[in-house]
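*Asks:* Once you've had a glance at the structure underneath, I'll fire off some questions.
The values are calculated or read from the model by the stated rules, or taken from the named source; none is laboratory data. Since the model is a prediction, treat every value here as computed from it, not as a measurement. Positions of Cβ are backbone-derived with ideal geometry, glycine not excepted, and every protein chain shown enters the neighbour counts. Calculation scope for accessible area: heavy atoms of the full protein, side chains included, ligands and nucleic acids excluded. Shrake-Rupley method; radii C 1.70, N 1.55, O 1.52, S 1.80 Å.
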Amino acid sequence: MDAPVVPPLRERLEQRRQQAIDNYRKHLRPATLLSGLRRATDQTLRELIRLNPLPSGAALVAVGGYGRGELYPYSDVDVLILLRQAPSEDDKAQLERLVAALWDVGLDLGHSVRSIADCQREAARDITVETSLMESRWIAGSKALVQELNRVMRRQMNAQSFYQAKRSEMLRRHARYQDTPYALEPNCKESPGGLRDLRIILWVAQAAEIGRTWGDLTQAGLLTTAEYRALRRADLAFKRLRIELHLLAGRREDRVLFDLQPALAAVYGFESSKNRLPSELLMQRYYWAARVVSQMNVMLMQAFEERLFPLPAHAKAPVDDDFNQIHGRLDISRDDGFERKPTLLLRAFLVMQQHPELTGMTARTLRAIWHARHRIDNQFRRNPVNRYLFMQILQQPQGIIRALRRMTMLNVLPLYLPEFRRIVGQMQHDLFHAYTVDQHTLMVIRNLRRFTQPEHAQEYPLCSQLMAEFDRHWLLYIAALYHDIAKGRGGDHSELGARDARRFCINHKVSEEDTQLVEFLVRHHLTMSHFAQKRDITDPDVVHEFAKVVASERRLTALYLLTVADIRGTSPKVWNSWKGKLLEDLYQLTLNVLGGAKPDRNTILAQRKEEAATRIRRMGLQDQSRDLFWSQLDVAYFLRHDASEIAWHTRHLYHRVHTLEPVVKARVIGQNEGLQVMVYTPDREDLFADLCAYFDRRSMSIQDARIHTTRHGHALDSFIVLLPQHDRDVRSHASLLEHDLTSQLREPGPIAAASSYRYDKRRRSRRARVFPIVPTVQMQPDETSASWRLSLTASDRPGLLYSLARVFVRYGIDVKMAKIMTLGDRVEDVFIVSGDALDDPRTQLQFERSVLATLDEAPA
């Protein structure tokens, strides 16, 4: 084909595409646009074939989604050039010109060249090829050849093998997407509960010769009218969503990305409510639709399995009067069983727990639950039998989390607890939760359950020990169920959730003592994390303050278990061994106070010095050598470091007290996650900023910093730093860091930062850019000294701590301690600072504004 012919074809194709899109915008009918884009592409291909003919006897065939007549705005155009026989040299040249023309006209082409025998071989080897060929459609060339292909492929089809291969493929795909439809950026095509889960139902139906459409499945008795309507609505909703994603992104984009969610919400007409963003309302609708698709997918795939692999009549065994067991699945005895006895809607899940040999429910049972869910009303919720059954589910020794997940997916739990329904599919744009509120809640309960299981005892030794000694575990599960249940309502979700939890406990006959425990846990579920990560727990006054809050050992233990489970259920990125150590230290210190210990600062100072001295003597050091070093340290040093750290510092510094050479030592902490780094060097005003620059350049995250100046003017700084997640060779980093940082500190001038960190919003994560946190800065006088407590919250970005340190240098601010808490893309840091600038209200205000400007990435 001559080159001048291509531009007019491309222009006509674009005009037809744009006309189809314009028509869609008027009526918002997905099917009209998909078929319109298909027709526009068909016309262009036929015009190309007229200008550049196929080899004799060949055919051009649409396959895949394009073959079934659904072409999304930026989807691939999948075509098969079907040959009658092996191509000659002239045929090959002809095919090369045709394929080049197809690309030149602007199509995003996916093409293959095969004979019918090739198709048979490839389909037998690859289930995706077989699936694609099921939807073949003639475009040009020999119709007879395409008809022959369809006949051959139908004869080759084995419905049982096809079902098994597609189900296996589906499970692998679900695993790639963490087996949940509730991802914060779901793929509307591939994620569980998305378009692919709908399409696989119709593929299997076609392979089994049941039909090609939802109407065909209804006529075959596999769908009821209500199910048909639900699936049709979901199908159209997901098709429209995928269309809008393509049009907004201007490319093939099937992920509901954070960047696109606000614009999508505007397209759909969602508006802000009092406490919810439009994008949050959009995503909640998405998750509700995905849950319906997931339910229908499970139900129909099991129905296909039962039809394709029928079991003998004797395979049914009674469980009790209401349920049978069929091939390891729970089956309702009567189709109308749930309608006649609504209490079975809860008892079904209890029976599953009591019979661990049951692996699931039959399609018949799932369908019956889905149709009877409307029976869960106020009368059902008030029924003492149902309240008893729900408590029994929580109190079973096994299967609790599986039961709650099944109940959520089948809409039983959200209907039984209306307050839980509000959080189903609710997004959390706080930059550190990786799950929706309901899925996070179930994850916390799962973590609590793991504390009871011996196979996880090595992972959580203290938690496992405490859980084994804690009676009535189910109280913790109720607290977990309610700890975030009031999110999205406005106000303090901990306080509102505590009220809901109390109401639940009263309704479900929980004793007053246990009710008070649950209420306390929900109200204070963030308190222990706050004290451990934002307060100086080496200060006995801080520990006493926390002990007054918890008041008893049982409450302390329960709050510790819930806090660990909660943080671990937030995001895989948020938990680390350092946070675990802080919580464990606070637990042990508070336990001592609750046990009657009332140490004051002098007592703690004496105890700590004595314990450190004992450790030092074991190292073979003389008291005289130790005292030479200790004489340069004040009380604040001994109160801010534990005995192990004091002994470690002394071991390396007792003979270098007056050295002018920098001393850097590092040791491994936790489970090979990070390092404790000690820096000893003559002090200078920008040392903290330089050290921040160094750690940032090495992609090490500072978790804790204790800054001390000795009586003779040396800096003795201690840091906890974590390595990047992918890097686990901690020991080699320790020796490398000691050598490298020592060399850097010897050099005159500041340590170079990783980059200039100029104002650049692109350095933020996508999520932080789309749902930014309004930065906050708080300055409060520290009651125990002449210092100030600087608390800040902001979106994280590379180099943020270094930028803050430069502000401290500019204002002559000394950092005495830093507690750095990184929660995903969010930072919540606390600094204990001092400096003359803070004594002047005007200068202090300027300093706060400079810190705020740095957090906001605007020029200070």
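Listed here are the residues, each with its yes/no results for (1) touching a Cys at 6+ places or on another chain (Cβ under 7 Å); (2) of a type in the set (Lys, Arg); (3) open to solvent by less than 40 Å² (accessible area, probe 1.4 Å).
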position	(1), (2), (3)
Ile116	no, no, yes
Glu130	no, no, yes
Leu133	yes, no, yes
Ala144	no, no, no
Gln156	no, no, no
Gln164	no, no, no
Asp179	no, no, no
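*Asks:* Now a separate question. Is there a residue in region 799-810 that is of a type in the set (Lys, Arg), closer than 16 Å to Asp704 by Cα and open to solvent by 10 Å² or more (accessible area, probe 1.4 Å)? Before you say what the answer is, go through the steps one by one.
*Replies:* In the first step, residues of region 799-810 are kept if they are of a type in the set (Lys, Arg); the result is 806, 810.
Those left that are additionally closer than 16 Å to Asp704 by Cα: none.
Within region 799-810, not a single residue is of a type in the set (Lys, Arg), closer than 16 Å to Asp704 by Cα and open to solvent by 10 Å² or more (accessible area, probe 1.4 Å).
Table: residues versus (1) open to solvent by 10 Å² or more (accessible area, probe 1.4 Å); (2) modelled with pLDDT of 85 or more; (3) touching a Ser or Thr at 6+ places or on another chain (Cβ under 9 Å); (4) closer than 19 Å to Thr570 by Cβ.
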position	(1), (2), (3), (4)
Lys819	no, no, no, yes
Arg826	yes, no, yes, yes
Val833	no, yes, yes, no
Ala837	yes, yes, yes, no
Gln846	yes, yes, no, no
Ala853	yes, yes, no, no
Pro859	yes, no, no, no
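*Asks:* Could you please find all residues in region 367-417 being open to solvent by 40 Å² or more (accessible area, probe 1.4 Å), under 31 Å from the mean Cα position of the chain (by Cα) and free of Cβ contacts under 8 Å to residues at least 12 places away in the same chain?
*Replies:* The answer is Pro397, and nothing else.
*Asks:* Here's a follow-up. If Glu122 satisfies every condition in (1) open to solvent by less than 30 Å² (accessible area, probe 1.4 Å); (2) of a type outside the set (Phe, Trp, Tyr); (3) more than 30 Å from Leu247 (Cα to Cα); (4) touching a Lys or Arg at 6+ places or on another chain (Cβ under 9 Å) but one, which is the exception?
*Replies:* Glu122 satisfies every listed condition except (1).
*Asks:* From the list His374, His314, exactly one residue is on the phi < 0 side of the Ramachandran plot and modelled with pLDDT under 90. Which is it?
*Replies:* After ruling out the rest, the residue left standing is His314.
*Asks:* Right, something else. Check region 242-252 and report whether any residue there is surrounded by fewer than 19 Cβ atoms within 10 Å (Cβ to Cβ), closer than 18 Å to Gly64 by Cα and within 27 Å of the chain's Cα centre (by Cα).
*Replies:* Yes, there is a match, as at least one residue in region 242-252 is surrounded by fewer than 19 Cβ atoms within 10 Å (Cβ to Cβ), closer than 18 Å to Gly64 by Cα and within 27 Å of the chain's Cα centre (by Cα).
*Asks:* Whether any residue in region 556-567 is modelled with pLDDT of 90 or more and among the acidic types (Asp, Glu) is what I want to check.
*Replies:* Yes, the conditions are met somewhere in region 556-567.
*Asks:* Assuming Asp683 fulfils every condition listed in (1) farther than 22 Å from Ala532 by Cβ; (2) touching a residue at least 40 places away in the same chain (Cβ under 8 Å) apart from one, which condition is it?
*Replies:* (2)
*Asks:* Something else now. How many residues are over 24 Å from Gln147 (Cβ atoms), part of a helix (DSSP H, G or I) and not acidic (Asp, Glu) if we restrict to region 68-98?
*Replies:* Adding up the residues that qualify gives 3.
*Asks:* Check region 337-351 and report whether any residue there is open to solvent by 40 Å² or more (accessible area, probe 1.4 Å) and under 32 Å from the mean Cα position of the chain (by Cα).
*Replies:* yes
*Asks:* Can you report the number of residues in region 782-801 which are part of a strand (DSSP E or B) and at pLDDT 85 or above?
*Replies:* Residues flagged as part of a strand (DSSP E or B) and at pLDDT 85 or above within region 782-801 amount to 7.
*Asks:* Have a look at Arg472, Arg450 and point out the one that is under 30 Å from Arg826 (Cα atoms), open to solvent by 40 Å² or more (accessible area, probe 1.4 Å) and basic (Lys, Arg). Reasoning before the result, please.
*Replies:* Numbers: Arg472 fails: under 30 Å from Arg826 (Cα atoms).
The match here is Arg450.
*Asks:* Output the qualifying pairs, or none if there are none: Cβ atoms under 9 angstrom, residues six or more apart or on different chains, first residue in region 254-280 and on the phi > 0 side of the Ramachandran plot, second residue modelled with pLDDT of 90 or more and assigned to a helix (DSSP H, G or I).
*Replies:* Gly269/Pro278
*Asks:* Give me the residue from region 18-38 that is crowded, with 19+ Cβ neighbours inside 10 Å and within 37 Å of the chain's Cα centre (by Cα) and, out of that set, farthest from His246 (Cα to Cα). Quick ask: steps written out before the conclusion?
*Replies:* Going residue by residue through region 18-38, those that are crowded, with 19+ Cβ neighbours inside 10 Å are 20, 24, 30, 33-34, 36-38.
Now drop any that are not within 37 Å of the chain's Cα centre (by Cα), which leaves 24, 30, 33-34, 37-38.
Details: Tyr24: 13, Pro30: 13, Leu33: 12, Leu34: 12, Leu37: 13, Arg38: 15 Å.
Step by step, filter region 18-38, then rank; the result is Arg38.
*Asks:* Give me the pairs, please: first residue somewhere in region 796-817 and farther than 22 Å from Arg640 by Cβ, second residue anywhere and of a type in the set (Phe, Trp, Tyr), beta-carbon distance under 7 Å, and either six or more positions apart or on two chains.
*Replies:* Every condition considered, the pairs that remain are Gly799/Tyr757; Tyr802/Tyr757; Ser803/Tyr757; Tyr811/Phe847.
*Asks:* Taking region 187-236 only, how many residues are in contact with a strand residue (DSSP E or B) (Cβ under 8 Å, 6 or more places away or on another chain) and either within 19 Å of Ser132 (Cβ to Cβ) or without any contact (Cβ under 8 Å) to a residue 60 or more places away in the chain (or both)?
*Replies:* Selection size over region 187-236: 1.
*Asks:* So in region 205-241, with the set limited to residues that are among the polar types (S, T, N, Q) and outside any helix (DSSP H, G or I), which one is most open to solvent (accessible area, probe 1.4 Å)? Reasoning before the result, please.
*Replies:* Of all residues in region 205-241, those among the polar types (S, T, N, Q) come to 206, 213, 218-219, 224-225.
Okay, now just the ones that are also outside any helix (DSSP H, G or I), so 213, 224.
Values: Thr213: 67, Thr224: 46 Å².
Residue satisfying both the conditions and the ranking: Thr213.
*Asks:* Which one of these does Val437 not meet: (1) open to solvent by 10 Å² or more (accessible area, probe 1.4 Å); (2) in contact with a Gly (Cβ under 8 Å, 6 or more places away or on another chain); (3) without any contact (Cβ under 8 Å) to a residue 60 or more places away in the chain?
*Replies:* (1)
*Asks:* Quick one: Leu660 ticks every box in (1) out of contact with any helix residue (DSSP H, G or I) (no Cβ under 8 Å at 6 or more places or on another chain); (2) farther than 22 Å from Ala705 by Cβ; (3) of a type in the set (A, V, I, L, M); (4) touching a residue at least 40 places away in the same chain (Cβ under 8 Å) bar one, so which box is it?
*Replies:* Result: Leu660 passes all but (4).
*Asks:* Right, another one. Taking into account only those residues within region 537-557 that are under 30 Å from the mean Cα position of the chain (by Cα) and not aliphatic (A, V, I, L, M), which is most open to solvent (accessible area, probe 1.4 Å)?
*Replies:* Result: Arg555.
*Asks:* How do the helices (runs of 4 or more DSSP H) wholly within region 116-201 filter down when requiring 1 or more residues that are of a type in the set (Phe, Trp, Tyr): which remain?
*Replies:* Result: 159-176.
*Asks:* When you go through (1) in contact with a strand residue (DSSP E or B) (Cβ under 9 Å, 6 or more places away or on another chain); (2) modelled with pLDDT of 90 or more; (3) within 23 Å of Arg199 (Cβ to Cβ) one by one for Val113, which number turns out not to apply?
*Replies:* (3)
*Asks:* Among what's in region 418-434 and is at pLDDT below 90 and within 16 Å of Ala290 (Cβ to Cβ), pick the residue that is surrounded by the most Cβ atoms within 10 Å (Cβ to Cβ).
*Replies:* Met427
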